[in-house]
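Take a look at the structure set out below.
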Amino acid sequence: MVKNLKSRFIVLDGPDGCGKSTQVNLLAEYLKKHRLKVSCFRDPGSTDTGEKIRKILLDRGNILNDRTELLLYMASRSQLWGECIAPALKKKNCVLLDRWLSSTCAYQGFAGGVGIAKVLDIAAHSLERVWPDLTIILDVDLKTARQRMKRGLDRMELKSAAYHKKVRAGFLELAELRDDIVVIDASGNVEAVHEKVIQTITSFFK
Ligand code: TMP
């Protein structure tokens with residue numbers, strides 16, 4: 001399976017508290033152990049500009065409407081593609097992303113009310129590449145997610161429970177629309193979820 005992952009673009013995404021950053025790190029370690037060259041990035045972020053945009057987006061002191069959020073996330077992503085992802089794929093690395101466009105669909109599109117269709121339309125005009133090869137959604141209910149979020153909450157995490165419930169529903173709705181989005185139950189412990197991530201990738205790229 002590992003040799004099929006050269007130049008592949010794989011995203012782990014899901015609601016806040018789903019554990020995706022931990023799972024991206026575990027997956028990267030696993031693939032590196034199998035001698036694959038792996039590049040990991042986070043969206044928003046990973047470039048100088050992207051990290052500055054990330055600060056604006058997550059700063060609790062800022063008031064941003066859903067469209068402003070959408071455009072800032074998209075701007076950071078466009079920079080990330082050009083500076084980091086495209087060069088890594090060109091080197092035949094496997095690229096792992098902590099979030100991508102699926103988040104904008106679920107947060108600003110579905111929960112924020114902009115609409116998934118409009119997000120996809122703006123993405124088509126903003127990004128050189130819209131969809132990864134595979135997006136894995138780590139699905140957790142709000143209660144489990146909240147228990148995992150112990151640190152000080154940022155501007156997005158502080159949005160209402162109703163908003164975050166819609167985010168989860170948005171990810172599930174998006175997964176219905178595309179064959180390259182796979183939902184896995186991420187309510188179990190770290191090792192169990194890691195196992196499911198590996199199984200999903202193995203069967204998708206076999
Ligand atoms: P992170 O802390 O998981 O890296 O994500 C930052 C926050 O930004 C998180 O609350 C999810 C949110 N977000 C969006 O609302 N839209 C997006 O397009 C992305 C990528 C993240």
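The values are calculated or read from the model by the stated rules, or taken from the named source; none is laboratory data. Predicted model, so just to flag it, every value in this text is computed and none were measured. When we count neighbours, we look across all protein chains shown, and the Cβ atoms used for this are built from the backbone with ideal geometry, even at glycine. Side chains are part of the model used for accessible areas, which takes the heavy atoms of the whole protein and leaves out ligands, DNA and RNA. Shrake-Rupley method; radii C 1.70, N 1.55, O 1.52, S 1.80 Å.
A few notes on this one:
- Selection from segment 14-33 of residues that are among the charged types (D, E, K, R) and more than 13 Å from the ligand (Cβ to nearest atom): 29, 32, 33
- Scanning segment 112-144 for residues that are more than 26 Å from residue 64 (Cα to Cα), part of a loop (DSSP other than H, G, I, E, B) and either of a type in the set (Val, Ile, Thr) or open to solvent by less than 20 Å² (accessible area, probe 1.4 Å) (or both) gives 132, 140.
- Given (1) away from the ligand (no atom under 14 Å from the Cβ); (2) closer than 25 Å to residue 22 by Cα; (3) of a type outside the set (Asp, Glu), index of the condition residue 90 fails: (2)
- Set 96, 70, 101, 58: member being within 17 Å of residue 21 (Cβ to Cβ) and near the ligand (Cβ under 10 Å from one of its atoms): 58
- Verdict on residue 109 being in contact with a Gly (Cβ under 7 Å, 6 or more places away or on another chain) and either part of a loop (DSSP other than H, G, I, E, B) or near the ligand (Cβ under 10 Å from one of its atoms) (or both): yes
- Residues of segment 7-16 that are within 18 Å of residue 203 (Cβ to Cβ) and either part of a loop (DSSP other than H, G, I, E, B) or among the polar types (S, T, N, Q) (or both): 8 alone.
- Filter result for residue 83 (within 17 Å of residue 99 (Cβ to Cβ), open to solvent by 60 Å² or more (accessible area, probe 1.4 Å) and charged (D, E, K, R)): yes
- Residues of segment 145-160 classified as open to solvent by 50 Å² or more (accessible area, probe 1.4 Å) and either in contact with a helix residue (DSSP H, G or I) (Cβ under 6 Å, 6 or more places away or on another chain) or in a helix (DSSP H, G or I) (or both), total: 3
- Residue among 36, 64, 72 that is at pLDDT 95 or above, among the aliphatic types (A, V, I, L, M), open to solvent by 20 Å² or more (accessible area, probe 1.4 Å) and part of a loop (DSSP other than H, G, I, E, B): 64
- Complete set of residues in segment 40-55 that are more than 13 Å from the ligand (Cβ to nearest atom) and buried (at least 18 other Cβ atoms within 10 Å of the Cβ): 47
- Just one of the listed residues (46, 103, 78, 126) is farther than 21 Å from residue 166 by Cα, of a type in the set (Ser, Thr, Tyr) and touching a strand residue (DSSP E or B) at 6+ places or on another chain (Cβ under 9 Å), namely 46.
- Leading residue by the ranking (surrounded by the most Cβ atoms within 10 Å (Cβ to Cβ)) among those in segment 161-183 that are outside any helix (DSSP H, G or I) and of a type in the set (A, V, I, L, M, F, W, C): 181
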